[in-house]
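Please read the structure below before turning to the comments.
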Amino acid sequence: MTVLHQPDATIYEGKAKILFATSDPKVVIQEFKDDLTAFNAQKKGTFFGKGALNCQISATLFKYLALEGVPVHFRSLDSPRRMIIDRLDMVPLEVVVRNRVAGSLGKRLGIPEGSQLSFPLVEWYYKRDDLGDPMVNRDHIRVLKLASDAVLDQIRTLTLQVNDLLVPYFRERGIVLVDMKLEFGWKADGTLTLGDEIDGDTSRLWDVVTGEKFDKDRFRLDLGSVKDGYEKIYERVVGHAVES
Ligand code: TMP
């Protein structure tokens, strides 16, 4: 039986999550914090319950993706804000897939926010906080030896598969999946696996009818109650009201 984490078993602490070791080297606990950051942590915030909302939103999405055959790190929920996951050796890339224009894409290319893209656009970012996670292309990735071309092809295929599954999944729940950021890693058995989280911190989610933003842009752009937005995502994805 896997013995769950001890208080001193921290493997890694990031801006929004902590990883704890367990007695099984292949299994890790991923705890979601109540903290929020934006603009490479230049802006900081927190609200009680944010970790639990994101953990359960992510768990629901990972379960759905696993059922559809996507390799995911998620195993089970341990508590409202902790999940038991497979330990992954992460590829140091953030993979962004976009269906509509928002955020940095609109600024970079001068396209109006909300414009529909004619196909899902994939972008690569080098996961390096000290450099501000710069956007990179395949040549940069090759020079830095972050992943081989074959692995990038595999990651791109998985990313588009996840997007193809989640666009209709969200739409059926009255949400437009504008864009999202995914991270991948290697499981001990060598399987390339979807890791990290998928929730309002790592995606843009708009109401289908009104265009209201439910995701972290509320925090980034000071648009109103972040908690309210995250609760709306929870209610539509998890399928019931948040228990108070
Ligand atoms: P961007 O438009 O700011 O480049 O963001 C694209 C998507 O990636 C959006 O859904 C937010 C997400 N994202 C992260 O998850 N982490 C980050 O550090 C950044 C900059 C964006």
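The values are calculated or read from the model by the stated rules, or taken from the named source; none is laboratory data. In this text, all values refer to a predicted model and were calculated from it rather than measured experimentally. Ideal geometry is used to build each Cβ from the backbone, glycine not excepted, and the neighbour counts take in all protein chains shown.
Values for this structure:
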| item | result |
| --- | --- |
| Residue check, T22 in contact with a Leu (Cβ under 6 Å, 6 or more places away or on another chain), more than 20 Å from V237 (Cβ to Cβ) and either aromatic (F, W, Y) or surrounded by 14 or more Cβ atoms within 10 Å (Cβ to Cβ) (or both) | yes |
| Strands (runs of 3 or more DSSP E) contained entirely in the stretch 23-132, each with at least 2 residues that are within 16 Å of the ligand (Cβ to nearest atom) | 27-32, 35-38, 43-46, 93-100, 116-126 |
| Condition broken by L158, with the remaining ones in (1) aliphatic (A, V, I, L, M); (2) under 27 Å from D207 (Cβ atoms); (3) not in a loop (DSSP other than H, G, I, E, B) satisfied | (2) |
| Output for the stretch 176-205, where each listed residue is within 13 Å of the ligand (Cβ to nearest atom), part of a strand (DSSP E or B) and in contact with a helix residue (DSSP H, G or I) (Cβ under 8 Å, 6 or more places away or on another chain) | V176, L177, D179, M180, L182, R204, L205 |
| Qualifying residue in the stretch 59-69 (condition: over 19 Å from F184 (Cα atoms) and at pLDDT 95 or above) | no |
| Some residue of the stretch 18-38 being among the aromatic types (F, W, Y) and within 19 Å of G200 (Cα to Cα) | yes |
| Among residues of the stretch 140-168, those that are within 16 Å of the ligand (Cβ to nearest atom), crowded, with 17+ Cβ neighbours inside 10 Å and more than 20 Å from D217 (Cβ to Cβ), counted | 3 |
